[in-house]
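All remarks here apply to the structure that follows.
The values are calculated or read from the model by the stated rules, or taken from the named source; none is laboratory data. All values derive from a computational prediction rather than experimental measurement. Glycine also receives a Cβ, built like all others from the backbone with ideal geometry; neighbour counts cover every protein chain displayed. These accessible areas exclude ligands, DNA and RNA; they are computed on the full protein's heavy atoms, side chains included. Shrake-Rupley method; radii C 1.70, N 1.55, O 1.52, S 1.80 Å.
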Amino acid sequence: MKKLFNLLFLCLLGTMLVACSNDENFLIRIDVQRVASDDSLEDEDMILDLITLDSIKSLLEEVKWEPKEEPEDAGSEDLIATLFYADEKDKPDELYLYRIWYNFDDTITIISNNEEEGYGKLDEEYADKLKSLLESEL
C-alpha cells in the first residue's frame with residue numbers, strides 16, 4: 001500500500017512540474033488599426049478580452065506561413081495588428097506586427113515581422129472568423 005502511495009505521489013509531482021514549466025508565450029493584447037483608402041491610419045483599438053485573444057491566437061495557428069517567400073506588391077493593407085506576447089514576468093513583451101489584406105477569394109494574406117513566419121495565407125474557412133474578431137473592436 002505504501003508503494004502505491006509513493007508511486008501516486010511521484011506521478012502527481014511529475015504532473016505538477018510539467019504543468020508549471022510551460023514555455024508557451026501568452027497573447028496578452030492586440031492593437032488593431034484600420035488603414036483608410038488614402039493610406040492613413042485610423043484610431044488604434046485594443047483587444048484585451050481573454051476569450052477573443054485565445055480565439056485569434058488559435059486562428060493564427062492555421063495560417064500557412066512561407067518564411068522565405070516574398071509576396072507580390074499588393075498595395076495598401078486593410079488592417080495593421082500589433083500582437084503583444086508575454087512569457088515571463090520580468091521580461092519585456094514580444095511584439096509582432098501583422099499587416100493584413102482581405103482578398104477577393106475570401107482568404108486573408110498576412111505579412112509578419114516575425115522571421116519564422118514571414119508571409120502567409122489563411123484559408124476562407126478561418127478567414128471570416130478572424131476578420132470578424134479583429135473588426136469587432138473597430
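Condition (residue is touching a helix residue (DSSP H, G or I) at 6+ places or on another chain (Cβ under 7 Å) and assigned to a loop (DSSP other than H, G, I, E, B)) applied to region 87-103: is it met by at least one residue? Looking through region 87-103, none of the residues is touching a helix residue (DSSP H, G or I) at 6+ places or on another chain (Cβ under 7 Å) and assigned to a loop (DSSP other than H, G, I, E, B).
Looking only at region 104-130, how many residues end up being part of a helix (DSSP H, G or I) and either touching an Asp or Glu at 6+ places or on another chain (Cβ under 9 Å) or open to solvent by less than 50 Å² (accessible area, probe 1.4 Å) (or both)?
Pass one, region 104-130, residues part of a helix (DSSP H, G or I): 124-130.
Retained after the next criterion (residues that are either touching an Asp or Glu at 6+ places or on another chain (Cβ under 9 Å) or open to solvent by less than 50 Å² (accessible area, probe 1.4 Å) (or both)): 124-128, 130.
Within region 104-130, residues that are part of a helix (DSSP H, G or I) and either touching an Asp or Glu at 6+ places or on another chain (Cβ under 9 Å) or open to solvent by less than 50 Å² (accessible area, probe 1.4 Å) (or both) number 6.
Where residues in region 41-83 are of a type in the set (Gly, Ala, Ser) and modelled with pLDDT of 95 or more, which of them is least open to solvent (accessible area, probe 1.4 Å)? Ranking the qualifying residues of region 41-83, first place goes to Ala81. Taken together, Glu69, Glu24 contain a single residue that is within 20 Å of Lys121 (Cα to Cα), more than 12 Å from the chain's Cα centre (by Cα) and either charged (D, E, K, R) or part of a helix (DSSP H, G or I) (or both), which is Glu69. Close contacts from region 32-45, counting a first residue that is part of a loop (DSSP other than H, G, I, E, B) and a second that is modelled with pLDDT of 90 or more and of a type in the set (S, T, N, Q), with Cβ to Cβ under 7 Å and a gap of 6+ residues or different chains, come to Glu42/Gln33; Glu44/Gln33.
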